[in-house]
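The values are calculated or read from the model by the stated rules, or taken from the named source; none is laboratory data. Just so we're clear, the structure is a prediction, and the values are computed from it rather than from any experiment. All Cβ positions, glycine included, derive from the backbone under ideal geometry; neighbour counts span all protein chains shown.
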Amino acid sequence: MRLFVGIPLGSETTGELSALVSRLRSGSGGMRWSSPDSWHITLQFLGNTTPDRIPCLTARLGEVRSAPVPIQLGKLGSFERAGVFFADVAVSTGLAELQERVIAATARCGFVAEARPFHPHITLARKTAAKGTSGRGDKAGSREQRDLVATAGTCRFSHFTACEFLLYESHLGAQGSRYEVLARFAFSERPH
């Protein structure tokens, strides 16, 4: 099982991103666009694990306390080496604190946080691999990603308030990943 913890998007934000993707999709044949039902903000990638660890995760994540978290999308960007086109998410105090609480909860089940800094984003598309390449880091793909960012121009997205976070399982497939919700955790301000 490949697991991660994330925040689902608000419906208005999903609609705005869908309209943007629809506009950009036609001129970018080298990208595999993700489906709106897969859009989320990752709080922690947990990686591969076994089903026997789910009870610990759901118990510890159920103890996480947070007020509802305001979410604001920022600029569009790309991770050129990874071949990813994304919408950035502003790191508010509430979002950073929630991510820290999630990491502390999963650590009690033996999961280790990634060493790289928290950079919340919504993956909109990934570079498709050309024959004989890995699809990562080629100059044409990097140019295409930069062109997407330039074509999109300055975008303004509605903010939304996250009222829950989810434990997801990622199912890898030829057409990309499909995400299954294993558990939902509503925000509550009650102290530990």
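Only one entry of Pro70, Pro117 meets the criterion of being surrounded by fewer than 16 Cβ atoms within 10 Å (Cβ to Cβ) and either in a strand (DSSP E or B) or among the aromatic types (Phe, Trp, Tyr) (or both), and that entry is Pro70.
Look at (1) touching a Phe, Trp or Tyr at 6+ places or on another chain (Cβ under 7 Å); (2) within 19 Å of Pro8 (Cβ to Cβ); (3) surrounded by fewer than 18 Cβ atoms within 10 Å (Cβ to Cβ) and you find that Gln44 fails only one, number (3). Scan the stretch 101-114 for residues that are surrounded by 13 or more Cβ atoms within 10 Å (Cβ to Cβ), closer than 12 Å to Phe45 by Cβ and either at pLDDT below 95 or in contact with a Lys or Arg (Cβ under 8 Å, 6 or more places away or on another chain) (or both) and jot them down. Passing the criteria: Thr106, Ala113.
Can you pull out the residues in the stretch 4-39 that are assigned to a helix (DSSP H, G or I) and either charged (D, E, K, R) or in contact with an Asp or Glu (Cβ under 8 Å, 6 or more places away or on another chain) (or both)? First the steps, then the outcome.
Here is the first cut: in the stretch 4-39, the residues assigned to a helix (DSSP H, G or I) are 11-25, 36-38.
Across the stretch 4-39, the qualifying residues are Glu12, Glu16, Arg23, Arg25, Asp37.
Scanning the stretch 40-67 for residues that are at pLDDT 95 or above and under 14 Å from Glu164 (Cβ atoms) yields His40, Ile41, Leu43, Thr58, Leu61, Gly62, Val64. Considering the stretch 83-112, and only residues there that are of a type in the set (Val, Ile, Thr) and in contact with a Phe, Trp or Tyr (Cβ under 9 Å, 6 or more places away or on another chain), the residue that is farthest from Val69 (Cα to Cα) turns out to be Ile103.
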